[in-house]
Amino acid sequence: MSEVAALETRARLAPVTLLRAGQRSHATVDTAMQKLQAQRIAREIPDTLIFVEHPEVITVGRRAKVDGIAAPDGYASREVDRGGGITWHGPGQLVGYPVFRWREESIRTIITLIEEWILRALATFGIAAGRNPAMMGVWLDGFKVASIGLQFSQWVSRHGFDINLATPGDRLQAVAGCGLPVGRHTSLAALGHDIPLAAMEAALLAQMPAVLGRELAGERGWDF
């Protein structure tokens, strides 16, 4: 049994290593995620959570490619292997990539857990966000403020979620992301809630043990 596997067996809460990527391109982080996923499958590393803020880009998921949906003119884009449609990333958005081995082995259950994680974190700021029974993600005042899109290999996840904190102008709002009409996505700041990115990160980490059964065990620097 590897050291990582032994630690997971002993621990009541699974250990998580945090990797703060700062501001970094989606392509760079995507390559790192693939390496981390392979290492996690081999049990060479514990669960790893990446926090990052991307320069503006639209990612095009598998469903969007099948449906022939592309990024609108004036936006950089790249194809990815997660499920779902097109998703805007950019400044003022916190992106979280949990490279986790999930005991639940149910995509719907895992998505529900991530939704609950975000909802509880937002509740610590007095924000009563909720779910939409017709579509995954986190909603507030009729607008989608957080999206989720995952890829799995041997129940180790890649890709993750984003929370729109204070996105610039109407760049996010002008995109018909996740199959929704233009204007259905917005930021928390646009709805009157100003949350610094670091505060949102801290709230998610604080809620991780209760919701996901995982605890922060350490941090690593960006070494990719």
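Filter segment 105-124 down to residues that are touching a residue at least 40 places away in the same chain (Cβ under 8 Å) and surrounded by 14 or more Cβ atoms within 10 Å (Cβ to Cβ), then give me how many there are. Let's see the steps before the verdict.
Our first condition is that a residue be touching a residue at least 40 places away in the same chain (Cβ under 8 Å); within segment 105-124, this holds for 105, 107, 110, 113-114, 116-118, 120-122, 124.
Subset that is surrounded by 14 or more Cβ atoms within 10 Å (Cβ to Cβ): 107, 110, 113-114, 116-118, 120-122, 124.
The number of residues fulfilling the criteria is 11.
Restricting to segment 132-150, and then to whatever is within 18 Å of residue 193 (Cβ to Cβ) and surrounded by fewer than 17 Cβ atoms within 10 Å (Cβ to Cβ), can you tell me which residue is modelled with the highest pLDDT?
Taking segment 132-150 and keeping what is within 18 Å of residue 193 (Cβ to Cβ), we get 137-147.
Cutting the leftovers down to surrounded by fewer than 17 Cβ atoms within 10 Å (Cβ to Cβ) gives us 141-142.
On the way: 141: 96, 142: 93.
Filtering segment 132-150 for residues that are within 18 Å of residue 193 (Cβ to Cβ) and surrounded by fewer than 17 Cβ atoms within 10 Å (Cβ to Cβ), the one modelled with the highest pLDDT comes out as 141.
For the condition among the charged types (D, E, K, R) and on the phi > 0 side of the Ramachandran plot, what is the one hit in 194, 141?
141
Filter segment 207-217 down to the residues that are aliphatic (A, V, I, L, M) and under 16 Å from the mean Cα position of the chain (by Cα) and list them by number.
Of everything in segment 207-217, those that are aliphatic (A, V, I, L, M) and under 16 Å from the mean Cα position of the chain (by Cα) turn out to be 208, 211, 212.
Pick out, from segment 112-223, the strands (runs of 3 or more DSSP E) lying fully within it that include 1 or more residues that are within 27 Å of residue 35 (Cα to Cα) and small (Gly, Ala, Ser).
On the way: elements: 130-132, 135-140, 143-153, 156-164, 214-220.
Because the criterion is at least 1 residues that are within 27 Å of residue 35 (Cα to Cα) and small (Gly, Ala, Ser), the strands (runs of 3 or more DSSP E) in segment 112-223 that meet it are 135-140, 143-153, 156-164, 214-220.
Kindly provide the set of residues from segment 151-188 that are touching a Lys or Arg at 6+ places or on another chain (Cβ under 7 Å), at pLDDT 95 or above and within 20 Å of residue 60 (Cβ to Cβ), ordered by number.
Residue satisfying the conditions is 159 alone.
Test residue 121 against the criterion of being out of contact with any Gly (no Cβ under 8 Å at 6 or more places or on another chain) and more than 19 Å from residue 52 (Cβ to Cβ), and give yes or no.
Details: out of contact with any Gly (no Cβ under 8 Å at 6 or more places or on another chain): yes; more than 19 Å from residue 52 (Cβ to Cβ): no.
Answer is no for this residue.
Being in contact with a strand residue (DSSP E or B) (Cβ under 8 Å, 6 or more places away or on another chain), part of a loop (DSSP other than H, G, I, E, B) and among the β-branched types (Val, Ile, Thr), is that true of even one residue in segment 73-95?
Within segment 73-95 (the criterion being in contact with a strand residue (DSSP E or B) (Cβ under 8 Å, 6 or more places away or on another chain), part of a loop (DSSP other than H, G, I, E, B) and among the β-branched types (Val, Ile, Thr)), the answer is yes, since at least one residue qualifies.
Could you tell me which numbered condition residue 31 fails, if it satisfies all but one of (1) at pLDDT 95 or above; (2) part of a loop (DSSP other than H, G, I, E, B); (3) loosely packed, with under 15 Cβ neighbours inside 10 Å?
Checking residue 31 against (1) at pLDDT 95 or above; (2) part of a loop (DSSP other than H, G, I, E, B); (3) loosely packed, with under 15 Cβ neighbours inside 10 Å, the one that fails is (2).
In segment 189-214, how many residues are under 16 Å from residue 46 (Cβ atoms) and surrounded by 15 or more Cβ atoms within 10 Å (Cβ to Cβ)?
From segment 189-214, those under 16 Å from residue 46 (Cβ atoms) are 205, 208-209, 212-214; that's our starting set.
Subset that is surrounded by 15 or more Cβ atoms within 10 Å (Cβ to Cβ): 205, 208-209, 212, 214.
Qualifying residue count for the region: 5.
The values are calculated or read from the model by the stated rules, or taken from the named source; none is laboratory data. Quick caveat, the model's predicted, so the values are computed rather than measured. Neighbour counts run over all protein chains shown; Cβ positions are idealised from the backbone, glycine included.
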